[in-house]
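These notes are about the structure you will find just below.
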Amino acid sequence: MTVYGFYKGILPPILAETPKRAVKFFTFEQYKKILSYTPLSPGLALSVAGLGSGLTEALVVNPFEVVKVSLQANRDAFKVQPSTFAQARAIISADGFGLRGLNKGLTSTLGRHGVFNMIYFGFYFNVKDAIPASQDPRLEFMRKFAIGLVSGTVSSCVNIPFDVAKSRIQGPQPVPGQIKYRSCFQSIALVYREEGYLALYKGLIPKIMRLGPGGAVMLLVYEYVSGWLQRNWLIFSRDLLMVSTEARTSGPFLLSVPGFSAPVCSLIAHSQLKITM
């Protein structure tokens, strides 16, 4: 076995990571807006929005997980095992796109991501609002990082039984040709009955080491980047409104937006110019 064996199944997570994170945070914002019109309390609405984003994220990521697990379970040498796309084609040709094929273990993945995001977002934003902010940027950064670290850790501890069930369903069955782990809760009950409750927490330490600090970093990047975009988009929107007013009387001119190093665009401001905000 070479060092490449540790990187089996690396391509599916790479391909899934960007759309996965985009879906997580984008849908969280959309569900949060929708729930603002309901009678739910703000704290509960954040958790429900997190649950919705996790369920949506699971639908996107599950096919990649199926391919990844099947590649990692392959005992062939790294250089002779099938490629990611060849493995995906083999799964589809053998079992199709359904719950026995490319969407095997979907219920467990829904549970894993739904529970994780529900606690992850709900805990972070509720605790962050409860603890006073610091005027010192460094202390404020550390405050948010610490809350994000605890949020990722607690979420990992709660959702790991779903992760174990997903691995049992999507991975090789103990007896080839016989399906032992069929569904999410059947697998959880079976593992508990045969191996004890601690077996439902197998792999917890590596998971916490990855998603504790990783979850904190994701939330910090999300907060700081979204804050920067909102501030600069407000400036850009304000300048466009000013342009739309001046366009009726001005000739051709160049629009510069504060906060950007170069002019954003050149606008021909005659009767043809129409800006709708």
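Only the coordinates and a few stated rules stand behind these numbers; no lab work does. It should be emphasised that the depicted structure is a prediction, and the values quoted were computed from it without experimental measurement. Using ideal geometry, Cβ is built from the backbone for each residue, glycine included, and neighbour counts are taken over all protein chains shown.
Below are the figures for this structure:
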read-out: Peptide ranges 219-226, 191-198 listed from the most packed, as the mean C-beta count within 10 angstrom indicates; value: 219-226, 191-198
read-out: Rough spin-label spacing in nm, given labels placed 7 Å along Cα→Cβ, for V158 and A189; value: 2.4
read-out: Cross-link pairs beyond the 30 Å C-alpha cut-off, checked among K104/K128; K33/K202; K68/K144; K24/K68; K180/K202; K32/K202; value: K104/K128; K33/K202; K68/K144; K32/K202
read-out: Residues whose placed amide H lies under 5 Å from that of G105, excluding near-sequence neighbours; value: none
read-out: V221-K202 pseudo-label distance in nm [points 7 Å out on the Cα-to-Cβ vector]; value: 3.1
read-out: Karplus-derived 3J(HN,Hα), 6.51/-1.76/1.60, for each residue of the stretch 145-156, Hz, glycine and proline x; value: 5, 5, 5, x, 4, 5, 4, x, 5, 4, 4, 5
read-out: Cα-based shape type of the stretch 3-202, given that a ≥ b ≥ c are square roots of the gyration tensor eigenvalues and the cut on a/c is 1.5; value: prolate
read-out: Rounded, prolate or oblate (a/c below 1.5 giving rounded, otherwise prolate when a/b exceeds b/c) for the stretch 33-151 by Cα gyration tensor; value: oblate
read-out: Per-residue HN-Hα couplings for the stretch 33-49 [Karplus 6.51, -1.76, 1.60; θ = phi - 60°; Hz; x = Gly/Pro]; value: 5, 4, 6, 5, 8, 9, x, 4, 5, x, x, 5, 4, 5, 5, 5, 5
